[in-house]
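The values are calculated or read from the model by the stated rules, or taken from the named source; none is laboratory data. The model shown is predicted, which means the values in this text are computed figures rather than measured ones. All Cβ positions, glycine included, derive from the backbone under ideal geometry; neighbour counts span all protein chains shown. Keep in mind that these areas ignore ligands, DNA and RNA; they rest on the heavy atoms of the full protein, side chains included. Shrake-Rupley method; radii C 1.70, N 1.55, O 1.52, S 1.80 Å.
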Amino acid sequence: MGYSSGRDFMFCNLCGTMLVMHSPKYAECPSCEFRRKAKDIIGREISYTVSAEDIKRELGISQISEEKVELSKIKKKCEKCGNDEASYYTRQMRSADEGQTTFYTCTKCLHQFQDN
């Protein structure tokens, strides 16, 4: 039987199942018992690249797009340059029964600091 020179030399021509090497002379399909001579397989290689995107797609993981968010501003003195305005956001860093952490960024020097 003929087969293409692509990647299918390790797969059954009849049902598509991956062939198994049962002896040094032939590879056999475990589903339908199709056989291919070992000399047609030995020494051939299959190589391919799997990207992180391929894995995420296969696992059904969707990427959250990062959008630019306008941070709120507050009168807060920068501990580095003394500027009186900072942008801020809050995040729950510890258990839910504890307060949120507020992260500040000075609007002048971009120094980052926080309150717990």
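A few comments on the model shown:
- A Cβ distance below 7 Å, combined with a sequence gap of six or more or placement on separate chains, defines the contacts here; from the stretch 10-26, residues that are in contact (Cβ under 8 Å) with a residue 24 or more places away in the chain reach residues that are part of a strand (DSSP E or B) and open to solvent by 40 Å² or more (accessible area, probe 1.4 Å) in the pairs Met10/Met18.
- In the stretch 86-112, the residues that are part of a loop (DSSP other than H, G, I, E, B) reach residues that are hydrophobic (A, V, I, L, M, F, W, C) with C-beta atoms within less than 8 angstrom, at least six apart or across chains, in these pairs: Gln100/Met93; Thr107/Ala86; Lys108/Cys78; Lys108/Cys81; Cys109/Cys78; Cys109/Cys81; His111/Cys78; His111/Cys81.
- Selection from the stretch 15-40 of residues that are open to solvent by 40 Å² or more (accessible area, probe 1.4 Å) and assigned to a strand (DSSP E or B): Met18, Val20, Met21, Tyr26, Arg35, Lys37
- Options Glu45, Glu70, Glu53: the member that is farther than 27 Å from Met10 by Cα and either open to solvent by 90 Å² or more (accessible area, probe 1.4 Å) or free of Cβ contacts under 8 Å to residues at least 12 places away in the same chain (or both): Glu70
- Conditions (1) open to solvent by 60 Å² or more (accessible area, probe 1.4 Å); (2) at pLDDT below 85: number failed by Met10: (1)
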